[in-house]
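**Student:** This structure is in structure tokens; I'll ask about it shortly.
The values are calculated or read from the model by the stated rules, or taken from the named source; none is laboratory data. If you're wondering where the values come from, they're calculated on a predicted model, not measured in any experiment. When we count neighbours, we look across all protein chains shown, and the Cβ atoms used for this are built from the backbone with ideal geometry, even at glycine.
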């Protein structure tokens, strides 16, 4: 162990005294810290904007004058999703799928069938987040630092001197890896500090997710450290080592995530938004138009209801039958919408699963999925938001439908367009709008996030084992 | 108990598909200085690397103090101080730092006095000892490498072109050091192009050609080796 620490210490001393390595180290720390600061500012700004927009949307909604309840159903409402506290580290798919949606009667929210697609890391080159720095830039800077860690000893013949002092190949590569690992650790520190400050008051297990995420990034960067030192130990010259490692970086960091998402989209294609909308409209049409109480689709409903209340006509019912049809119609419509939404979500999860299988070819694919899942910015979090928004939309619409049932008679409702007075009779007091509960999304808890991240974590564990095996193999080459 | 500190028996070593040593055998007694002379590609450095366990012989056996190098490489390396052909030290470290670093790796913790004495022995100027080696001349680097080999205080020294780059005065100092070490029982195997230096420092000189030991000259009772005889054979072998 003593020799390993000595070698690691000297490697760090070499970097400290070498201008290039020193510049790389400082750059890595600066980039990592800047990304943390920029991301923190950006996420805070967006969170404030969301709060302001939600407050404004709530205020506008509640400021609506007395209206017919069904007009409120179609007036709709915006809901906003509060950012996960760990979005400061990894904004995940938030920037692609958005965080606000419009809710309206008879329609699924605006986001479920949006044309958003899973995109590769390449598409995220523009997002300067700590996750991007750790996933893409940190390995590159580690390569620049460590590509010559062992080849330098061969080229300068100091390898003979080291072996002559009784240093085994294992000790040499472990020492070099330890030094590079210290650099990786420094790159992760800003993430940890940022995560600590952003999860200060959380009660959804985000602090635990932060620890898991940090551990995941340690494994990920350890994989790179081991690969870099292995390649350096296996090859004869620094030039060869740099070429191979840069090639590896381009393939695994730039190309593979892109290939993974393209392959996933091609293997399990999602129907287009127009195609989906047409299918939904067709299915809903078959279920009847709930605006029209004479629609054939509601014949059975009418007879069943009349029998249940033991009355002869709908005018004799103790509620506004038109509101009742709207209520039942919305239930049926929502069933259809949920079925299509579930189909769409399953399709997206299938795509994600196919893309995630590329974790076996690239550790970046694994850490990306792992990081997003634990940050609460992954696909399952988006689906959770969509389901919660859909439940909220359904409850909101049904509240208005119940108002329509209870606050006016059928006769008044049918005559609502017969002059001002008739119109006024079907308007509901605006104080009802304020009774609508505020949309609040309870995030998934740590166990659910960890469950979504575990397969990627397993893939990273495999990468670590493979990289460690390669390191041991490479150390056996260090004889001459 | 063996009589020999170093023993090569019918060594055959192949590097890069080419046979570099072919059936080479020799022994070096404890406290003896044995110099191998040979032209480029004769197999001098390969012989040392084989004794270090850095090259695996295809045939034959290399032994150090009775231990097979192939079977006990780590135990053997603990008994050997090796001075590579080009002073293999770190440019980013000072002479002092190089010595303490490499000695720490071999679990030797010499006192500052010992370090100073070793650097004095190789005549490394005091004012240069705190500077990184990247500012050193080849000769100065070689002096630090020699100091390192001495500080290991091992029973066997393997030296590859040890006087390369040294000025005449430093070469004289080096020969004195070798003589003193041999008198203290240290065994030295050195390979060199320097015919005169080899004859001056060694008890025996072997001529190496194409991986085979073709002749060995022994010092007379006064400790001298006839340089002209060695030179004639050496030149003859090189031409051949």
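**Student:** Looking at segment B:52-78 only, could you name the residues that are at pLDDT 90 or above, buried (at least 18 other Cβ atoms within 10 Å of the Cβ) and farther than 21 Å from residue B:30 by Cβ?
**Tutor:** Passing the criteria: B:57, B:60.
**Student:** Of all residues in segment A:414-449, which are crowded, with 16+ Cβ neighbours inside 10 Å, free of Cβ contacts under 8 Å to residues at least 24 places away in the same chain and closer than 27 Å to residue A:58 by Cβ?
**Tutor:** Across segment A:414-449, there are no qualifying residues.
**Student:** So, one more: So residue B:86 passes all but one of these: (1) surrounded by 19 or more Cβ atoms within 10 Å (Cβ to Cβ); (2) more than 16 Å from residue A:14 (Cβ to Cβ); (3) within 11 Å of chain A (Cβ to nearest Cβ). Which condition number does it fail?
**Tutor:** (1)
**Student:** Limited to segment B:132-143, what total is found for residues that are loosely packed, with under 14 Cβ neighbours inside 10 Å and within 14 Å of chain A (Cβ to nearest Cβ)? Reasoning before the result, please.
**Tutor:** If we filter segment B:132-143 for residues that are loosely packed, with under 14 Cβ neighbours inside 10 Å, which is where we start, we get B:134-135, B:137-138.
Those left that are additionally within 14 Å of chain A (Cβ to nearest Cβ): B:134-135, B:138.
Summing the residues that are loosely packed, with under 14 Cβ neighbours inside 10 Å and within 14 Å of chain A (Cβ to nearest Cβ) in segment B:132-143 gives 3.
**Student:** Quick one: how many residues across segment A:56-91 are over 30 Å from the mean Cα position of the chain (by Cα) and either on the phi > 0 side of the Ramachandran plot or in a loop (DSSP other than H, G, I, E, B) (or both)?
**Tutor:** 5
**Student:** When the residues of segment A:278-299 are narrowed to those that are in a helix (DSSP H, G or I) and within 35 Å of the chain's Cα centre (by Cα), which ends up farthest from residue A:335 (Cα to Cα)?
**Tutor:** Quick first cut of segment A:278-299, residues in a helix (DSSP H, G or I) only: A:278-286, A:296-299.
From what is left, the residues that are within 35 Å of the chain's Cα centre (by Cα) are A:278-285.
Working: A:278: 16, A:279: 14, A:280: 11, A:281: 13, A:282: 14, A:283: 11, A:284: 10, A:285: 13 Å.
Looking at residues that are in a helix (DSSP H, G or I) and within 35 Å of the chain's Cα centre (by Cα), I get A:278.
**Student:** Would you call residue A:45 free of Cβ contacts under 8 Å to residues at least 24 places away in the same chain, under 29 Å from residue A:437 (Cβ atoms) and surrounded by fewer than 17 Cβ atoms within 10 Å (Cβ to Cβ)?
**Tutor:** In short, yes.
**Student:** Within segment A:255-267, which residues are buried (at least 24 other Cβ atoms within 10 Å of the Cβ) and either under 24 Å from residue A:188 (Cα atoms) or modelled with pLDDT of 95 or more (or both)?
**Tutor:** Initially, segment A:255-267 is screened for residues buried (at least 24 other Cβ atoms within 10 Å of the Cβ), giving A:257, A:260.
Within segment A:255-267, just A:257 meets the criteria.
**Student:** List, please: which pairs have Cβ atoms under 6 Å, are six or more places apart or on different chains, and start with a residue in segment A:215-236 that is surrounded by fewer than 24 Cβ atoms within 10 Å (Cβ to Cβ) and end with one that is outside any helix (DSSP H, G or I)?
**Tutor:** A:234/A:477
**Student:** Can you tell me which residues in segment A:115-154 are modelled with pLDDT under 65 and farther than 26 Å from residue A:471 by Cβ? So that I can check it myself, show each step before the final result.
**Tutor:** In the first step, residues of segment A:115-154 are kept if they are modelled with pLDDT under 65; the result is A:115-126.
Within segment A:115-154, A:115, A:116, A:117, A:118, A:119, A:120, A:122, A:123, A:124, A:125, A:126 qualify.
**Student:** Looking at A:411, A:452, which one is in contact with a helix residue (DSSP H, G or I) (Cβ under 9 Å, 6 or more places away or on another chain), buried (at least 16 other Cβ atoms within 10 Å of the Cβ) and in contact (Cβ under 8 Å) with a residue 12 or more places away in the chain? Steps first, answer last, please.
**Tutor:** Values: A:411 fails: buried (at least 16 other Cβ atoms within 10 Å of the Cβ).
It is A:452.
**Student:** When residue A:112 is evaluated against the numbered criteria (1) surrounded by 19 or more Cβ atoms within 10 Å (Cβ to Cβ); (2) over 30 Å from residue B:51 (Cβ atoms); (3) at pLDDT 85 or above, which criterion, by number, is the only one it fails?
**Tutor:** Failed condition: (3).
**Student:** Does segment A:243-254 contain at least one residue that is surrounded by 15 or more Cβ atoms within 10 Å (Cβ to Cβ), under 20 Å from residue A:335 (Cα atoms) and at pLDDT 80 or above? Steps first, please.
**Tutor:** The first filter runs over segment A:243-254 and keeps only residues surrounded by 15 or more Cβ atoms within 10 Å (Cβ to Cβ), leaving A:244-245, A:248-249, A:252-254.
With under 20 Å from residue A:335 (Cα atoms) added as a condition, the list becomes none.
Looking through segment A:243-254, none of the residues is surrounded by 15 or more Cβ atoms within 10 Å (Cβ to Cβ), under 20 Å from residue A:335 (Cα atoms) and at pLDDT 80 or above.
**Student:** Kindly indicate the residue of segment B:65-83 that is outside any strand (DSSP E or B) and in contact with a helix residue (DSSP H, G or I) (Cβ under 7 Å, 6 or more places away or on another chain) and also nearest to the other protein chains (Cβ to nearest Cβ) among those meeting that condition. Working first, answer last.
**Tutor:** From segment B:65-83, those outside any strand (DSSP E or B) are B:65-66, B:69-79; that's our starting set.
Checking the rest, the ones that are also in contact with a helix residue (DSSP H, G or I) (Cβ under 7 Å, 6 or more places away or on another chain) come to B:69, B:77.
Numbers: B:69: 12, B:77: 5 Å.
Once the filter is applied, the top-ranked residue is B:77.
**Student:** Filter segment B:99-131 down to the residues that are part of a loop (DSSP other than H, G, I, E, B), touching a helix residue (DSSP H, G or I) at 6+ places or on another chain (Cβ under 6 Å) and surrounded by 19 or more Cβ atoms within 10 Å (Cβ to Cβ), then identify the one that is modelled with the lowest pLDDT.
**Tutor:** To start, the set of residues in segment B:99-131 that are part of a loop (DSSP other than H, G, I, E, B) comprises B:106-111, B:122-125, B:129-131.
From the residues that got through so far, the ones that are touching a helix residue (DSSP H, G or I) at 6+ places or on another chain (Cβ under 6 Å) too are B:110, B:122-124, B:129.
When the remaining residues are screened for being surrounded by 19 or more Cβ atoms within 10 Å (Cβ to Cβ), the result is B:122, B:124.
Numbers: B:122: 85, B:124: 88.
For segment B:99-131, the residue satisfying everything is B:122.
**Student:** Consider residue A:7 against the criteria (1) touching a helix residue (DSSP H, G or I) at 6+ places or on another chain (Cβ under 6 Å); (2) more than 14 Å from chain B (Cβ to nearest Cβ): it satisfies all of them except one. Which criterion is unmet?
**Tutor:** (2)
**Student:** Hey, another quick one. It is to be established whether one or more residues within segment A:12-26 are more than 11 Å from chain B (Cβ to nearest Cβ), closer than 27 Å to residue A:131 by Cα, modelled with pLDDT of 85 or more and surrounded by 15 or more Cβ atoms within 10 Å (Cβ to Cβ).
**Tutor:** yes
**Student:** Determine which single condition residue B:6 fails, assuming it passes every other condition in (1) more than 14 Å from the chain's Cα centre (by Cα); (2) at pLDDT 90 or above; (3) farther than 29 Å from residue B:136 by Cα.
**Tutor:** Among (1) more than 14 Å from the chain's Cα centre (by Cα); (2) at pLDDT 90 or above; (3) farther than 29 Å from residue B:136 by Cα, the lone unmet condition for residue B:6 is (1).
**Student:** Then there's this: What's the number of the only condition in (1) buried (at least 18 other Cβ atoms within 10 Å of the Cβ); (2) under 16 Å from the mean Cα position of the chain (by Cα) that residue B:213 fails to meet?
**Tutor:** The failed condition is (2).
**Student:** Of everything in segment B:93-125 that's within 19 Å of residue A:4 (Cα to Cα) and touching a residue at least 24 places away in the same chain (Cβ under 8 Å), which residue is farthest from the other protein chains (Cβ to nearest Cβ)? Even if it seems obvious, please write down each step before you answer.
**Tutor:** Step one: list which residues in segment B:93-125 are within 19 Å of residue A:4 (Cα to Cα), which gives B:93, B:97-109.
Filter once more, keeping what is touching a residue at least 24 places away in the same chain (Cβ under 8 Å): B:93, B:98-99, B:102-103, B:106, B:108.
Details: B:93: 8, B:98: 9, B:99: 11, B:102: 5, B:103: 8, B:106: 4, B:108: 9 Å.
Only one residue tops the list, namely B:99.
**Student:** Another one. Got a sec? Which strands (runs of 3 or more DSSP E) wholly within segment B:3-59 have at least 3 residues that are closer than 28 Å to residue B:196 by Cα and within 14 Å of chain A (Cβ to nearest Cβ)? Even if it seems obvious, please write down each step before you answer.
**Tutor:** Values: elements: B:4-15, B:18-29, B:33-38.
Output list is empty.
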